[in-house]
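Please read the structure below before turning to the comments.
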Amino acid sequence: MTSAAVAMPDTNSTEFSEYVAFRTAGQDFCFDIMKVREIRGWTEATVLPHAPSYVLGVINLRGSVVPIVDLAARLGLPTTEPHDRHVIIIAVVNTQIIGLLVEAVSDILGVSEEMVQSTPDVASETTKAFISGVIPKDEKMIRLIDIERILPQNDLES
Amino acid sequence: MSTNDIRETFFLECEDLLEALEEGLQDINDQSADGAVDSECINAVFRAVHSIKGGAGAFKLDELVHFAHTFETVLDEVRNGKLLPDSDVMGVFFRANDRLVDLVNAARDEEPVDPADNAAIEAELNKYAPAEEEEVDAGDYTPMGLSFDFELPDLDDLDLGPAKTQIGYEIHFRPFDQLYGNGNDAAHLIRALSELGVVTAEVDTSGLPAFETMRATGACLSWKITLMTDESEHVVLDVFDFVDGLCELTVDPIYEEADTPVDDDGDTGAGEELEMADFPEDDAPEATAAAPDLPMASAVEPADAAEPRSAAKQESGQAAAKTTKATIRVDLERVDRLINVVGELVINQAMLSQCAKEAGVGSGTEIAAGLDEFKQLSREIQESVMAIRAQPVKSLFQRMSRIVREASHATGKTVKLITQGEATEVDKTVIERLADPLTHMIRNAVDHGLEKTEKRLENGKDKVGHVTLTAAHRSGRVFIEVSDDGAGINRERVLQIGIEKGIVDPSADLSDTEIDNLIFAPGFSTASEISDLSGRGVGMDVVKSSIQSLGGRVTINSTPGKGSVFTISLPLTLAVMEGMVVQVAGQTMIVPLTAIVETLRPEREEIHMLGTGDEVVSVRGMFLPVVDLAASFGYRSAQPYTSSQVLLLVNTDDDHTYALTVDAIHDQRQVVIKGLKENYGDLTGIAAATILGDGRIALIIDTDAIYEQNTAQPTLMTYQPNAMGASQ
């Protein structure tokens, strides 16, 4: 049985998926790599008036107007001061395209479903709203982000 | 899969056909008022219904087929000149048309229809299409046909000469089932014959079984066709080439010795038939009149140029009324993709020009000249591409005539809809999204705008209320006007409702325009409007917000006793606009050029304080409010105007003028509009975004929203962005 599983890992592909891991505000996060369209360096964004503080503005991504969200600020962590070394992860959520400002992309993780633990019951509502699970990895804890909640419009529902 | 495709095509075609039907009916209606109805209109209408019936039959849409058949039968009466399309008949036709639209839509969406609705209209139709049809048919036409065939006249005129000249053919034609099964149609064949000469066709319905036993695919009819022509027999037979073996066909030549008897007979016939002289295929009067000449003509010139005529003219004859342009159906997605790419091209071109400039390329160089040409070309491409999406508002207006009919029916008011500028072209999306608000406005105009008939007569007005729908291009925008000649807005009542609903403070002193605008306030028109027609809880505020979401505005101009005019102004396209590039607190922004009246840089003395922090500027004796754009967007706290800044005088759609403070003006250029909504959402004061030459995004400001936001509104119109959802 085990040999079969090794020989054909693809048969278990529903349980095995890849996540892009990144670091911001001193914490490690990840989300489904299939939702990532590209990763690019930080470029100055055009400020949107009356926007929430975590929305840094919009950038031009080959003709699309893409809002940039400071992920740390969105999660209630200290805001990120945009720097040239920082990166923007362009994610496609449903039909929407958004950019997430993070400090650095660290890894691509192959994670099977049973490796994902449910988010421990902590006090912060924000944390529980945005983190859908945690994954242990080399003494570290990678936080799995519920990317759909990150969208600025979904503010009220969260 | 492929059946679905065909089905889809059928419904697409139905849209066109229904449009042609509505248009044709409208034309007939207009013409019947003047007396003479163009036969081509009737043919067009008939063809439309017939084609829908035919297509529907292929998809076993029985209800649709049945209804279309009933409709067609009555239309045929009109076509044959046996029914005059007076206003009663046209009323039924219009209702039948509306029903047909419903049935087609129901069939497309695979929704059930209420047979009772069909029955009511079918009953009305059947009033005009009783079974007597056949008898009338025979009584009317048989003598005409016979007068040529019978030997009887010969007896009287035998002395006039024995030399028989062939003047035409008598054709007996009985199609088999398979003829229709192969996609042929007797009507087309008869029409093709009519290209060769003058045709008198008589249908023989004796083979028609009782309705209960009738098979939809069965061929029951046969025709006796008298064709007056000088063509040779094989030309006539060529017409039936494609149905060889699919029908019973005999072609017998008709001979004539002299003209006199026919002439006599013809005169009486022509007398009866004269008023329908416009109808085709029934050109009986012409037949008799032309008959005497025919032998001569055939004698003088033999049938040489005959062959090509039959095929070519058949086409042109059918399409004569519509000046047909070659069109193709293209998936909208492809067009949109093209538009997007062209948008990129324009941005790229701007970037390239900027790069060249920065690299120090002089204006006299070849590169600069090439770039200039590139700029012009890309602009031209863009305009051409945008034109693909542009459509005349005609289809929209046609839908509105139905709304007027229904509304006038429901309210018992006699209403005439007048449309102007139907050819005005607007972006397809705009047209689609305008349907709902416009429907509501039209209903309002009929329901609330126009007075009851008695009231109109009392006031010395025409019994018939008029609603006018106008479209026009003006200064880079499209204006659509809905006007009625009703009583105008009852301002007293409106103000009272406004106060009752807490929309306006009782102590407020409102101008007439402000009172008129109250009807756009959220919560103004709700349940208390007791009318099953427009009081559906959808208020004018929804109309306003859905028009705003298209980048449009709506304004009212009402004159008591004379009526009201609602004007919608819309951007021509949702894709490009002329804009002024300005600097606001370090950000580059775009102000729509259409909104800007002028720019000025006043001295500090021309700016006056008003109240605690507000400033006004005096321009030629007028004091206009000054709005600091940067502060309004929250980019910095409000600062008094300094003479290094520039004021843009901006005119809103409700004709308010105010001044916007910006830090500097950079440029004026065409910008490609990029929606913010898809990836972000709506932002107050921002209409859209665009991409500048350096690749960065600049926001396009919504000058009207800025005005509303920064000036005290007496009507407490709290803008509810989520109300827009209802407009979908």
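The values are calculated or read from the model by the stated rules, or taken from the named source; none is laboratory data. Values in this document were obtained by computation on a predicted structure and should not be read as measured data. Here the Cβ positions follow ideal geometry from the backbone for every residue, glycine too, while neighbour counts run over all protein chains shown.
Take the conditions in the same structural domain as residue B:698 (by TED's automatic domain parsing) and either assigned to a strand (DSSP E or B) or in contact with a Phe, Trp or Tyr (Cβ under 6 Å, 6 or more places away or on another chain) (or both) and apply them to residue B:650. Does it pass?
Yes: the conditions hold for residue B:650.
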**OP:** Hey, can you tell me all the residues within the stretch B:666-689 that are farther than 21 Å from residue B:545 by Cβ and within 9 Å of chain A (Cβ to nearest Cβ)?
**Re:** B:672, B:674, B:679
Subject >> Subset of the stretch B:603-622 (residues that are under 15 Å from residue B:648 (Cα atoms) and surrounded by 12 or more Cβ atoms within 10 Å (Cβ to Cβ)) >> reply: B:606, B:607, B:615, B:616, B:617, B:618, B:619
**OP:** Might you check whether a residue that is in a helix (DSSP H, G or I), among the aromatic types (Phe, Trp, Tyr) and touching a helix residue (DSSP H, G or I) at 6+ places or on another chain (Cβ under 7 Å) occurs anywhere in the stretch B:47-64?
**Re:** no
Original post:
For residue B:411, are the conditions met, namely being in the same structural domain as residue B:547 (by TED's automatic domain parsing) and either free of Cβ contacts under 8 Å to residues at least 40 places away in the same chain or under 23 Å from the mean Cα position of the chain (by Cα) (or both)?
Top reply: no
**OP:** Quick one: count up the residues across the stretch A:75-95 that are more than 14 Å from chain B (Cβ to nearest Cβ) and surrounded by 21 or more Cβ atoms within 10 Å (Cβ to Cβ).
**Re:** 2
Original post:
Would it be correct to say that residue B:330 is within 34 Å of the chain's Cα centre (by Cα) and under 30 Å from residue B:41 (Cα atoms)?
Top reply: yes
**OP:** Among what's in the stretch B:439-473 and is in contact with a strand residue (DSSP E or B) (Cβ under 7 Å, 6 or more places away or on another chain) and assigned to a helix (DSSP H, G or I), pick the residue that is nearest to residue B:549 (Cα to Cα).
**Re:** B:441
**OP:** Just give me the residues in the stretch A:96-110 being under 15 Å from the mean Cα position of the chain (by Cα), more than 14 Å from chain B (Cβ to nearest Cβ) and either among the hydroxyl-bearing types (Ser, Thr, Tyr) or assigned to a strand (DSSP E or B) (or both), in sequence order.
**Re:** A:101, A:102, A:104, A:105, A:106, A:107, A:108, A:109
Original post:
Would you pick out the residues in the stretch B:189-221 that are under 41 Å from the mean Cα position of the chain (by Cα), farther than 27 Å from residue B:60 by Cβ and among the hydroxyl-bearing types (Ser, Thr, Tyr)?
Top reply: B:194, B:200
**OP:** Would you tally the residues in the stretch A:11-63 being over 23 Å from residue B:588 (Cα atoms), in a loop (DSSP other than H, G, I, E, B) and more than 18 Å from the chain's Cα centre (by Cα)?
**Re:** 3
**OP:** Test residue B:613 against the criterion of being under 25 Å from residue B:672 (Cα atoms), touching a residue at least 24 places away in the same chain (Cβ under 8 Å) and of a type outside the set (D, E, K, R), and give yes or no.
**Re:** no
**OP:** Name every residue in the stretch A:33-67 that is closer than 13 Å to residue A:100 by Cβ and either away from chain B (no Cβ under 14 Å) or touching a Phe, Trp or Tyr at 6+ places or on another chain (Cβ under 7 Å) (or both), in order of residue number.
**Re:** A:35, A:36, A:38, A:39, A:67
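Is there a residue being within 14 Å of another protein chain (Cβ to nearest Cβ), modelled with pLDDT of 90 or more, in contact with a strand residue (DSSP E or B) (Cβ under 8 Å, 6 or more places away or on another chain) and surrounded by 12 or more Cβ atoms within 10 Å (Cβ to Cβ) anywhere in the stretch A:4-20?
no
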Subject >> Residues satisfying the stated conditions in the stretch B:437-456, i.e. over 12 Å from residue B:415 (Cβ atoms) and within 24 Å of the chain's Cα centre (by Cα) >> reply: B:437, B:438, B:439, B:440, B:441, B:444
Original post:
In this structure, is residue A:106 of a type in the set (Gly, Ala, Ser) and surrounded by 16 or more Cβ atoms within 10 Å (Cβ to Cβ)?
Top reply: yes
Subject >> Per-region count, the stretch A:113-143, residues part of a strand (DSSP E or B) and surrounded by fewer than 12 Cβ atoms within 10 Å (Cβ to Cβ) >> reply: 1
**OP:** Considering only the stretch B:24-56, state which residues are closer than 20 Å to residue B:181 by Cα and surrounded by fewer than 18 Cβ atoms within 10 Å (Cβ to Cβ).
**Re:** B:54
Original post:
Within the stretch B:616-627, can one find any residue that is farther than 16 Å from residue B:656 by Cβ, without any contact (Cβ under 8 Å) to a residue 60 or more places away in the chain, touching a strand residue (DSSP E or B) at 6+ places or on another chain (Cβ under 7 Å) and not small (Gly, Ala, Ser)?
Top reply: no
**OP:** Could you list all residues from the stretch B:628-653 that are surrounded by 19 or more Cβ atoms within 10 Å (Cβ to Cβ) and within 14 Å of another protein chain (Cβ to nearest Cβ)?
**Re:** B:628, B:629, B:630, B:632, B:633
Subject >> Residue check for residue A:70: crowded, with 22+ Cβ neighbours inside 10 Å, over 14 Å from residue A:20 (Cβ atoms), of a type outside the set (A, V, I, L, M) and away from chain B (no Cβ under 14 Å) >> reply: yes
